[in-house]
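The values are calculated or read from the model by the stated rules, or taken from the named source; none is laboratory data. Everything numeric in this text was worked out from a predicted model, so none of it was measured. All Cβ positions, glycine included, derive from the backbone under ideal geometry; neighbour counts span all protein chains shown.
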Amino acid sequence: MGTVIIDLDDTLATTWKAAQKGNRKLLFFFLKKRLFRIVKALILKEDKEFIFQNEAILLLDPSSVIKKFLSQYYPSLPESVKEEACIVFEKAFYEKFSLTDGAIELLQHIKGRYRLCLVTDGSKKWQNEKIDFLGIRDYFDSIIISGEIGTSKKNVRNFELACKGDEKIYVIGDRMETDIRGGNAIGATTILFRNGFFEYERVADVTPDHSVSTLREIMSLL
Ligand SMILES: [Mg+2]
C-alpha cells in the first residue's frame, strides 16, 4: 500500500502565524507586568540560537518554554504570573491557529491510497491538543509525537517508527533539518513544503526530491 509520513506544524497547520500572534500578546503582557529584561531579550532575540539549535526544545510545549525563560530571567517570579503568561500565549495562539489551505483535500486524497502517519515534534499534551482542535485525528493510521517517544525528529528513529518496512514511502514537511533529512535517511521520496518560519530559501546539506509552495501541488506527486 505504501506510507505517507506527514508533518503537522507549518505543514498541515498554520503554527508559525499563530505563534507570532501569541508572542506579540506575550510581549504586551510582559510590558504591562514591567518585566523589561525579558522584553529586551525577546526584542533582541537573545535566545534565538538556543531556541533553534537546542534539540530538547522540540520535545516541549510553549508553556514549558515560557516558564523556563521567565524563571531564567526572574528566578523569584510568582508561579501565578507564569501561569497567566501561558494563558495569554495560548489564547492568542488558538485565535490564529487553523488548517493550512488545501490540508483537508490533501488528507482526503491520501486516505485509502496510503497508510497515513503523522510524525510531529512537541510535547504529547500540546501536539494532541492541536490535533483535536483541528479535528483531523481520524485521518491518521498512526501518530508519533516526539515528546511521547523521547527523541525529536532530528533523530531518524522517529521516521523509522512510522514506516514499518513499507517499500514506498513519502515524507512531507516544511523543515529541511528534520522532515527532509529524516525522510532521506529512511529512503523515502521527500517533499518540502516551503511554508511558515522556514519559508525562506535555506542552505542545507540535504536536498528534497520535490519542493512545493502549496499543499495542492502535492496531490499530483503521490
Ligand atoms: Mg513543521
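For the criterion of being within 16 Å of the ligand (Cβ to nearest atom), modelled with pLDDT of 95 or more and closer than 24 Å to Asp61 by Cβ, Ile191 fails.
Filtered by the rule that a residue be assigned to a loop (DSSP other than H, G, I, E, B) and either crowded, with 21+ Cβ neighbours inside 10 Å or not assigned by TED's automatic domain parsing to the domain that holds Ile143 (or both), segment 180-194 gives a lone residue, Ala188.
Only one of Ser63, Ser76 is modelled with pLDDT of 90 or more and in a helix (DSSP H, G or I); which?
Ser63
The condition of being surrounded by 15 or more Cβ atoms within 10 Å (Cβ to Cβ), out of contact with any helix residue (DSSP H, G or I) (no Cβ under 6 Å at 6 or more places or on another chain) and under 21 Å from Leu59 (Cα atoms) holds for only one of Lys130, Lys125, that being Lys130. Here Arg216 clears all of (1) within 22 Å of Asp101 (Cα to Cα); (2) away from the ligand (no atom under 15 Å from the Cβ); (3) out of contact with any Asp or Glu (no Cβ under 7 Å at 6 or more places or on another chain) except the condition numbered (3).
Of all residues in segment 98-124, those being within 16 Å of the ligand (Cβ to nearest atom) and part of a helix (DSSP H, G or I) number 3. Within segment 3-34, the set of residues being over 24 Å from the mean Cα position of the chain (by Cα) and either of a type in the set (Gly, Ala, Ser) or surrounded by 21 or more Cβ atoms within 10 Å (Cβ to Cβ) (or both) comprises Phe30 only.
Given the criteria in contact with a Phe, Trp or Tyr (Cβ under 8 Å, 6 or more places away or on another chain), within 30 Å of Lys21 (Cα to Cα) and touching a residue at least 24 places away in the same chain (Cβ under 8 Å), does Leu118 qualify? Considered against the rule, which asks whether it is in contact with a Phe, Trp or Tyr (Cβ under 8 Å, 6 or more places away or on another chain), within 30 Å of Lys21 (Cα to Cα) and touching a residue at least 24 places away in the same chain (Cβ under 8 Å), Leu118 comes out as yes.
For (1) part of a helix (DSSP H, G or I); (2) within 16 Å of the ligand (Cβ to nearest atom), each residue gets a yes or a no:
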{"site": "Trp126", "(1), (2)": "yes, yes"}
{"site": "Glu129", "(1), (2)": "yes, no"}
{"site": "Ile144", "(1), (2)": "no, yes"}
{"site": "Ala162", "(1), (2)": "yes, yes"}
{"site": "Tyr170", "(1), (2)": "no, yes"}
{"site": "Thr178", "(1), (2)": "yes, yes"}
{"site": "Asp205", "(1), (2)": "no, no"}
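Scanning segment 1-36 for residues that are within 30 Å of Gly187 (Cβ to Cβ) and more than 16 Å from the ligand (Cβ to nearest atom) yields Met1, Gly2, Thr3. Filter segment 146-160 down to the residues that are small (Gly, Ala, Ser) and more than 12 Å from the ligand (Cβ to nearest atom), then identify the one that is nearest to Lys125 (Cα to Cα). That would be Gly147.
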